[in-house]
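Below is one structure; the comments refer to it alone.
Read-outs throughout are calculated quantities, based only on the coordinates presented, and are distinct from any laboratory measurement. What you see is a predicted model, and the numbers here were worked out from it, not measured in a lab. Cβ placement follows ideal geometry from the backbone for every residue including glycine, while neighbour counts extend to all protein chains displayed.
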Amino acid sequence: MLPAAEEAIDPLVPAGYDLIWSAFTFLPLLLALIFWVVALVQIAGRRDQLPGASAVLWVILVTAIPLAGTIAWFVAGPRSPKVAPPVA
């Protein structure tokens, strides 16, 4: 028979350090997924600024190499033109 202290441990409830470790591994993956989806949405939304072949290549790059492709899109992708505010 097990001592009383070992009977109280529930293996299905993770310990505090397991929760912290899970947060440190899950949150970066969730952020990477969000940035990946945002990059794909931006590529799809900028078809007027990207020629057809460029858009396809960007989608292939971001999809084939998710982390590096997403970073490349945010660093080297086309920028939206800055519009000067109207002068009153």
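Within the range 43-82, which trypsin sites (Lys or Arg not before Pro) sit in a loop by DSSP and count at most 14 neighbouring Cβ atoms inside 10 Å? Counting only loop positions with at most 14 other Cβ atoms within 10 Å, the trypsin sites (Lys or Arg not before Pro) in the range 43-82 are Arg47, Arg79, Lys82.
Report the FRET efficiency, 1/(1 + (r/R0)^6), for Gln49 and Ser22, where r is their Cβ-Cβ distance and R0 is 35 Å, rounded to 0.05. About 0.30, to the nearest 0.05. If you look at the Cα atoms of the range 33-75, you get an Rg and a Dmax of 9.3, 26 Å.
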